[in-house]
Amino acid sequence: MSIKFTQSCPTCGRRIDIRASLLGCTVACQHCGAEFTANANEESRMGPERNQDLLDRVEKALRRAEEASMVPANAEIAP
Ligand SMILES: [Zn+2]
């Protein structure tokens, strides 16, 4: 069984899956190739699912704000 955790690349900021056995080791980013030390930070303790949930909520809120701002603009143009 391989346990993995997620860490954000300090160079490109993208999420990287790192095997728990590599904790404390120097790993290379899968996206940009930058090398950094693997350590379980606060972000990875939150879990990728929760982060995805948060992203979904932010996206929905943004969409709602977009729709809300579009309605008065159309209303002004319409006779
Ligand atoms: Zn990177």
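The values are calculated or read from the model by the stated rules, or taken from the named source; none is laboratory data. None of these values were measured; they are calculated from a predicted model. Quick reminder, even Gly has a Cβ in these numbers, built from the backbone with ideal geometry, and neighbours come from all protein chains shown.
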note = Scanning segment 1-27 for residues that are within 15 Å of the ligand (Cβ to nearest atom) and either touching a Ser or Thr at 6+ places or on another chain (Cβ under 9 Å) or among the acidic types (Asp, Glu) (or both) gives THR6, GLN7, SER8, ARG14, ARG15, ILE16, ASP17, ILE18, THR26, VAL27
message = Looking only at residues that are loosely packed, with under 12 Cβ neighbours inside 10 Å and part of a loop (DSSP other than H, G, I, E, B) in segment 15-41, which one is modelled with the highest pLDDT?
response = GLY33
Pairs, first assigned by TED's automatic domain parsing to the domain that holds PHE36 in segment 13-25, second exposed (fewer than 12 other Cβ atoms within 10 Å of the Cβ) and part of a loop (DSSP other than H, G, I, E, B), C-beta under 6 Å, six or more apart = ARG19/SER2; ALA20/ILE3
